[in-house]
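> Take a look at this one; I'll ask things after.
Each value in this text was obtained by applying a stated rule to the coordinates, not by laboratory testing. In this text the structure is predicted, and so the values were computed from the model without any measurement. Here the Cβ is made from the backbone with ideal geometry for all residues, glycine too, and neighbour counts use every protein chain on show.
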Amino acid sequence: MAEPANQNVVPAHGVPPAPPHRTATKQAAAAESRERRLATYQRVWALHQEGWSGVAIARHLGLGRSTVVRFLRHATFPERQERHDAGRGLLDPWKPMILERWNTGGRRSRQLFREIQGRGYRGSYRTLARYTQRLHQAQDDAALGQSAPPHPVPPVSDSRKRPLTPRNAAWLVLRRAEHRDTKEADLLKRLRTQHAALTEAIALAEDFVAGLRDRAPKRFDPWLARAQDSTLPAFRNFAKKLRTDEAAVRAAMTLSWSTGKVEGQINRLKMIKRQMFGRASFDLLNRRFLLATDSPKLAKSP
């Protein structure tokens with residue numbers, strides 16, 4: 001007689017950690033915050049439809065101009081993106097080692113904390129404890145519906161990749177092709193095929209940067225015409241602003257001069273001013289400014 005199939009099968013790739021828990025208090029606070037932002041968004045659009053300018057709306061509602069501009073860019077209320085646990089947390093570099101210890105039986109949070117702390121972890125114990133609690137919950141959830149506790153305990157596998165943020169996507173597009181690795185090239189290829197608007201944005205961004213890098217001012221007029229006729233409001237506004245300072249853009253494409261060194265000196269002087277604010281007299285501040293312009297090493301001395 002054939003043996004009955006094993007009902008307690010351990011997943012081949014492990015179970016993922018449980019999602020972060022949000023308390024009822026946090027959920028209520030998030031809902032209240034969303035209602036306030038929605039009401040502000042509706043007031044911004046109501047004033048805009050009455051003919052108010054963005055500056056006037058910001059002044060009347062006590063908002064920043066960037067907030068008003070962001071709201072007016074969206075015809076529907078822009079929901080905030082949920083934070084992903086795969087973000088840049090202090091615990092992230094240590095998760096592979098934690099999972100390795102966890103799946104081999106090392107499930108004492110205090111012991112794990114001492115081990116990773118000795119290897120350089122600078123986060124708190126509570127951060128680790130919350131993560132191990134999610135590992136416990138994932139294995140408990142995997143055991144639900146089983147006639148008996150699974151043996152062995154299913155392993156936990158945290159293989160989720162870090163989400164692609166707008167900033168990372170922008171750097172991916174603007175990076176030189178020879179500096180992209182195979183994974184980045186494949187990711188950019190997939191992005192081009194996701195949506196027509198995304199494909200157009202990538203093409204416009206790449207062509208503009210290529211014209212700057214190749215110092216090809218002849219490409220500027222055709223690109224400007226494409227951007228002005230684009231279906232993307234961001235590129236139309238960008239092209240409009242470039243038109244107002246067209247001479248400077250053409251100079252950047254043709255001349256070898258750069259204000260980089262000047263900006264570096266200004267940044268250094270601002271840093272010294274912030275360090276000295278409220279702590280010394282103007283004479284000493286003036287002296288440090290003079291030393292900073294002569295020698296970067298002397299600028300570090302008090």
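> What order do you get for 186-199, 122-135 when each peptide is scored by the mean count of other beta carbon atoms within 10 Å, highest first?
For the peptides 186-199, 122-135, the packing ranking is 122-135, 186-199.
> Taking 0.36 nm per residue of sequence separation and subtracting the Cα-Cα distance, how much length would be gained by fully extending the chain between Arg80 and Thr231, in nm to one decimal?
That works out to 51.9 nm of additional length.
> Tabulate in residue order the Karplus-calculated ³J(HN,Hα) for region 65-77, using 6.51 cos²θ - 1.76 cosθ + 1.60 with θ = phi - 60°, rounded to whole Hz; enter x for Gly and Pro.
Per-residue couplings from phi come out as 4, 5, 5, 5, 4, 5, 5, 6, 6, 10, 6, 10, 4 Hz.
> Now for a different question. Near Asp207, within a Cβ-to-Cβ distance under 9 Å, what is the net charge of the other residues, with Lys and Arg +1 and Asp and Glu -1?
Values: positive: Arg219, Arg226; negative: Glu206.
Spelling it out: positives minus negatives among the neighbours equals +1.
> Taking the Cβ of Thr244 as the center, what net charge do the other residues with Cβ under 14 Å away carry, scoring Lys and Arg +1 and Asp and Glu -1? Walk me through the intermediate numbers first.
Details: positive: Arg236, Lys240, Lys241, Arg243, Arg250; negative: Asp245, Glu246.
Here the charged neighbours net out to +3.
> Counting only other residues whose beta carbon sits under 12 Å from that of Ser53, what net charge do I get with K and R as +1, D and E as -1?
Every neighbour counted, the sum reads +1.
> Under the rule of at least 5 residues apart or a separate chain, name every residue whose amide H is placed under 5 Å from the amide H of Val156.
Result for Val156 returns Val15.
> Using 0.36 nm per residue, how much length does the chain from Ser157 to Trp171 gain when fully extended, once their Cα-Cα distance is taken away?
This chain segment gains 2.1 nm when fully extended.
> With unit charges on the beta carbon (Lys/Arg positive, Asp/Glu negative), name the residue among Thr199, Leu187, Leu174 whose Cα is farthest towards the positive pole of the charge dipole of region 160-200.
Farthest along the dipole direction, towards plus: Leu187.
> Another question, then. How many nm separate the modelled label positions at Asp92 and Lys270, each set 7 Å beyond the Cα in the direction of the Cβ?
2.7
> Order the peptides 178-184, 285-291, 272-278 from the highest to the lowest mean number of other Cβ atoms within 10 Å of their residues. The partial results should precede the final answer.
Details: 178-184: 9.1, 285-291: 14.4, 272-278: 11.1.
Ranking the peptides 178-184, 285-291, 272-278 by packing returns 285-291, 272-278, 178-184.
> In straight Cα distance, which aspartates and glutamates are under 16 Å from Lys95, not counting same-chain residues fewer than 8 positions off?
In chain and number order, the partners are Asp85, Glu115, Asp158.
> If the chain between Ala185 and Gln27 were fully stretched, how many nm would it gain, using 0.36 nm times the residue separation less the Cα-Cα distance?
That works out to 53.0 nm of additional length.
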